[in-house]
Amino acid sequence: MADQEAPFEVNAPQYPPPPYFWKTFTTENVAKYEELRKKQTDSDTQASEATPLLNLPTELRFIQRPPPPADGAWKNFEMNMTLEGKLKTFDEMDDVEQLYSLPSTPTGDGPYVDRELTLKKIAKSLLLNFLELVGSMGMGNDNSMNKVIDLNMLFFNMHYLLNEYRPHQARESLIEMMEDQLERSKAETACIYKVKREVESVLEGLGKAGLEEIDDTMAVDVAATAENTKLDEEDGQDIWDELYREFN
Amino acid sequence: MGDKLTQIQEAVDDLANQMVACLYYLNRHHDWQTLSPNDVIRGQSKNEFETAYDKEFGPRNPVAFKAAQKELAKDLVIKEQQIEYLISHLPGLANNEEKQEEAIRRLEAELVIEEEKRKEAVKEREVVLDKLDTIIRGIKRPR
């Protein structure tokens, strides 16, 4: 019996199937829901995005987002999560200790160079502790378990410090993006002015050509470059007259 | 490729994995020692199974073992150096939050000014385009 069931075990998906209502999430249903939601906000000015719609048809009921947890906390894979997504401080975690001390907190005003040094120190400590771990394991003494704990602590601290750095990096990327945009905007403006000057110089050339009454063929050439069309040589006088009227 | 922080975190995790791999290798392939005078180190493998077992779990020959040890150690150090290199290239090490906010505000203002200038330029471009348009329209095709 067990042997017969084995193939099913192998073919069984790694994760359970999605909840049964996933099929209601079609484009049409979502659009329908959006429409209803819009109607509500139009008719009732007090209704906000979070106010749930009542009397929804069954297929739309699941599209409505449930309200966020009232106490701001929920469980995900046995782990307690909070809405704020804040990093726990070391004081809140009883099984890890802070192995470094920074002269300034990330919200403080100290430069981040201290952080660089601390991170490098931890990286070096990781190597050293691993060496010690292998050494003590090779000698077969009881210290190795402590070393594993030490390594664990170091890795934790490393990741903690890196995660703490994230807001800083986010701000830094924002600055970079803004600088890029500024650069692009400046380049665009400069480009527009350049083209504008070119066009103006061509037009000026045309005007001058008209005033100096140069011969017909020349006028045709200049006009042809300006309008980018080809005209016969004998029509030069006509164009010239037109340009003359335009610029006088 | 993610941002620098993610890169470092991945490198740190790699380092941990490498450490485990090192221990695994050493544990599997170290040579035997006699702990008491009565111990006997098993000799040449006798049958097929034992040969296969030794190949998988048995000690390596000293030269190969030493070389592998050296390589593993080298890889560990290289990884650590990578991490340090990435750390030195973290964005905005010399900045602090105040300076960053100042920079963001400054850039915001500059962007507004620059946007105005750009709009102005676009307008002027329209004017020139119109001018050009009237000229071209003004040219009559000969009858």
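Determine the shape class of chain B: with a ≥ b ≥ c the square roots of the Cα gyration tensor eigenvalues, call it rounded for a/c under 1.5, and otherwise prolate if a/b is greater than b/c, oblate otherwise. Cα axes put chain B in the prolate bin. Think of it as helices only: each DSSP H run of n ≥ 4 in chain B is worth -39500 (n - 2.57), and spread over all residues that comes to -26000 deg cm²/dmol at 222 nm. Put in line by how crowded their Cβ is, counting other Cβ atoms within 10 Å and starting with the fewest, A:K147, A:K124 read A:K124, A:K147.
Highest first, please rank the peptides B:26-34, A:15-23 by the mean number of other Cβ atoms sitting within 10 Å of their residues. Spell out each step's value before the answer.
Values: B:26-34: 11.8, A:15-23: 8.6.
Listed from highest to lowest mean packing, they are B:26-34, A:15-23.
Each principal axis of the Cα atoms in region A:97-184 has its own extent, and those three values, largest first, are 63, 26, 15 angstrom.
With a 10 Å cut-off around each Cβ of A:168-177, the average count of Cβ atoms from other chains is 6.
Packing here is the average count of other Cβ atoms within 10 Å per residue, and on that basis the peptides A:128-140, B:59-71, highest first, run A:128-140, B:59-71.
For a quick protection proxy, order the peptides B:81-87, B:103-109 by their average other-Cβ count within 10 Å, most packed first.
Numbers: B:81-87: 17.9, B:103-109: 13.4.
Packing order, densest peptide first, comes out as B:81-87, B:103-109.
Remark: mean inter-chain Cβ contacts per residue of A:119-130 equal 5, using a 10 Å Cβ-Cβ cutoff to other protein chain atoms. Can you give the FRET efficiency to the nearest 0.05 for A:E78 and A:S43, using r as the Cβ-Cβ distance and R₀ = 51 Å? It comes to 0.70.
We did not get these values from a lab; they are worked out from the coordinates using the rules stated. No experiment lies behind these values; they were computed from the predicted model shown. Note that we place each Cβ from the backbone using ideal geometry, even for glycine, and neighbour counts take in every protein chain shown.
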